[in-house]
Amino acid sequence: LQHSSISFRPILPSDRQVLEKIHSDVFPIRYESEFFQNVVDGRDVISWAAVDRSRQDGLDDELIGFVTARIILSRDSEIEDLLRASRSEQALLYILTLGVVKEYRNRGIASALIREVIRYASNLPTCQAVYLHVISYNNPAIQLYKKLAFKCVRVLYGFYFINGQHYDAYLFVYYVNGG
Ligand code: ACO
């Protein structure tokens, strides 16, 4: 992202419509209205928006990418067994959604968003890891997480159920603070 006009900021209530539109454009599953409300209100959800400051016609603050994440207690997570023996307050950052609009892909924007998540997690002393699920056919996303040194620790057979069909998921983890 050298010399680029892309910048990152929190997601705001005024982003709601565009946020919903991009989610429905890029994901095969529908998200509830409650999810979007929680994201824009920052209620239990931590998020970053990417915008292109060089866009004309008042679009310089419009979302072109986003990442949303939630804090989960390690002991309530499905990867407790993969973590350093955890004290009760230990936590994880679970990535809920990540997306970049088509016109802005392959410029490092998703990588920069994930690096923001990792930096945030690293600065939370109780946070042990960042983790996420990705559908097994999503090669761009799988390559992205591998490139950023996430480890694939599990295959979840039939984890997703979309239009009457089951799809496997990979569980990727990035350990922070000694994991
Ligand atoms: N094919 C293969 N690898 C790819 C591709 C692709 N089309 N796109 C990205 N990558 C990999 C590459 O390793 C790339 O590194 P490189 O440029 O050195 O080759 C690396 O990802 C970084 O790419 P970025 O430019 O940072 O990624 P981008 O900004 O294009 O966004 C994303 C990638 C988010 C997967 C985008 O394609 C997208 O929005 N897809 C639809 C939504 C989606 O799949 N989201 C992730 C689902 S998982 C989840 O939400 C938890």
Quiz item: In segment 128-137, which residue that is more than 8 Å from the ligand (Cβ to nearest atom) and open to solvent by less than 90 Å² (accessible area, probe 1.4 Å) is nearest to Gly179 (Cα to Cα)?
Solution: Gln128
Quiz item: Of all strands (runs of 3 or more DSSP E) completely enclosed by segment 1-80, which ones contain at least 1 residues that are basic (Lys, Arg)?
Solution: 6-9, 63-73
Quiz prompt | Residue check, Ser74 in contact with an Asp or Glu (Cβ under 8 Å, 6 or more places away or on another chain) and more than 15 Å from the ligand (Cβ to nearest atom) | solution = yes
Exercise. For Pro140, work out the one condition from (1) away from the ligand (no atom under 11 Å from the Cβ); (2) over 24 Å from Phe35 (Cα atoms); (3) surrounded by fewer than 18 Cβ atoms within 10 Å (Cβ to Cβ) it doesn't fulfil.
Key: (1)
Quiz item: Any idea which of Ile64, Ile79 is over 27 Å from Val18 (Cα atoms), among the β-branched types (Val, Ile, Thr) and either within 15 Å of the ligand (Cβ to nearest atom) or more than 14 Å from the chain's Cα centre (by Cα) (or both)?
Solution: Ile79
Quiz item: Residues Asp52, Asp76, Asp41, Asp60: which one is surrounded by fewer than 13 Cβ atoms within 10 Å (Cβ to Cβ) and of a type outside the set (A, V, I, L, M, F, W, C)?
Solution: Asp76
Quiz item: Here are some residues: Arg70, Arg105. Which one is under 15 Å from the mean Cα position of the chain (by Cα), open to solvent by 50 Å² or more (accessible area, probe 1.4 Å) and not hydrophobic (A, V, I, L, M, F, W, C)?
Solution: Arg70
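The values are calculated or read from the model by the stated rules, or taken from the named source; none is laboratory data. All figures in this text were calculated on a predicted structure; none of them were measured in a lab. Glycine also receives a Cβ, built like all others from the backbone with ideal geometry; neighbour counts cover every protein chain displayed. Remember, those area values only see protein heavy atoms, side chains included, never the ligands or the DNA or RNA. Shrake-Rupley method; radii C 1.70, N 1.55, O 1.52, S 1.80 Å.
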